[in-house]
Amino acid sequence: MRLDKFLKVSRIIKRRSVAKEISDAGRIQVNNKTAKSSTQLEIGDKFRIQYGDKSLTAKVLDFKESTKKEDAKLMYEVLKETKH
């Protein structure tokens, strides 16, 4: 699944266009490499997002085409979350 779509469906970022902007600005890394919005994610990949004064590191657990709010959190596991 594309990175920007995963971030939207998992509700980490509310809009796909915002996810695209953040990733194209170089503020998202997948497996310690800078990722673009079109990067294909696999189950088990680790990603890090820097937005504002926050940093989120998480691991992909599952893919779904659409989710309910309760199920969205089952798509990833938060490994580390920090505020600068």
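The values are calculated or read from the model by the stated rules, or taken from the named source; none is laboratory data. This is a predicted model, so every value here is computed, not measured. As a convention, Cβ positions derive from the backbone with ideal geometry for all residues, glycine included, and neighbour counts pool all protein chains shown.
Those residues that are at pLDDT below 95 and charged (D, E, K, R), I need them from the range 46-65; list them, please.
Of everything in the range 46-65, those that are at pLDDT below 95 and charged (D, E, K, R) turn out to be Asp53, Lys54, Asp62, Lys64, Glu65.
Looking at Ser66, Ser23, Ser38 in this structure, which one is touching a helix residue (DSSP H, G or I) at 6+ places or on another chain (Cβ under 9 Å), exposed (fewer than 11 other Cβ atoms within 10 Å of the Cβ) and of a type in the set (S, T, N, Q)?
Unique residue meeting the criteria: Ser66.
Kindly indicate whether any position in the range 66-79 is at pLDDT 90 or above and at positive phi.
Looking through the range 66-79, none of the residues is at pLDDT 90 or above and at positive phi.
Residue by residue through the range 41-61, note down the ones that are among the charged types (D, E, K, R) and surrounded by 12 or more Cβ atoms within 10 Å (Cβ to Cβ).
Those that are among the charged types (D, E, K, R) and surrounded by 12 or more Cβ atoms within 10 Å (Cβ to Cβ): Asp45, Lys46, Arg48, Lys59.
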